[in-house]
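So the structure is just underneath, and the comments pick up after that.
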Amino acid sequence: MNPALLETATTTRARRAAAARALADAPRRAQLGWADLSVWPAWADQPEAARQAWLLQVGAWAQAPALRQCIDGRVLQQLAVLIGAQAAARLLQAGDEPSANASAIGRQPTAATLPALVAEAGREAALAAVPSPVLRLVLREAFWPDTLAPLPAIDTATALAAVAAASEPLPA
């Protein structure tokens with residue numbers, strides 16, 4: 001048997017099993033198909049603290065163009081506290097690619113409002129990066145039931161780029 005094919009099948013089964021365990025009590029679990037369960041995101045299996053830390057990274061990357069324009073030192077210090085100094089430096093020094101989400105913060109963040117803004121952006125970008133609309137809704141209900149509809153319009157390309165950037169390991 002082809003080892004790569006076996007590894008793919010094993011990974012798919014593991015994701016489906018993790019999703020089934022996590023959604024055992026979810027009211028909409030019957031609406032999910034095998035295709036939905038096979039795209040179960042890895043972040044959904046992380047412990048709460050690790051998931052929240054990762055979502056802050058995603059949110060910062062989703063808001064990167066606006067954060068790169070910020071000149072308030074307190075905001076930039078708060079960013080370093082939220083995601084780590086090395087991750088903040090990497091984000092601020094990365095190239096300024098055009099983004100439909102460049103003004104998503106909407107107003108100039110303050111050190112006090114940045115944590116909530118980045119956390120919300122991370123949650124929404126992580127959900128927008130999930131390819132299954134039904135699974136996005138089920139994940140929202142499972143992890144953030146107080147943030148239900150209307151779902152915000154998030155640029156999928158920006159969400160995928162933020163998830164990819166936040167998932168890259170930091171240089172040693």
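The values are calculated or read from the model by the stated rules, or taken from the named source; none is laboratory data. Bear in mind that the values here come from a model prediction, so they are computed numbers and not experimental data. Virtual Cβ from ideal backbone geometry, glycine too; neighbours counted across all protein chains shown. SASA here: full protein model, heavy atoms, side chains in, ligands and nucleic acids out. Shrake-Rupley method; radii C 1.70, N 1.55, O 1.52, S 1.80 Å.
Observations on the structure shown:
- D36 sits with roughly 30 Å² accessible to a 1.4 Å probe, with DNA, RNA and ligands left out of the calculation.
- Integer Hz, Karplus 6.51/-1.76/1.60 couplings in order for region 116-128, x for Gly and Pro: 5, 5, 5, 4, 5, 4, x, 4, 5, 5, 4, 5, 5
- Local electrostatic count, L23, Cβ distance below 14 Å [Lys/Arg +1, Asp/Glu -1]: +3
- Per-peptide average of other Cβ atoms within 10 Å, ordering 38-49, 60-71 highest first: 60-71, 38-49
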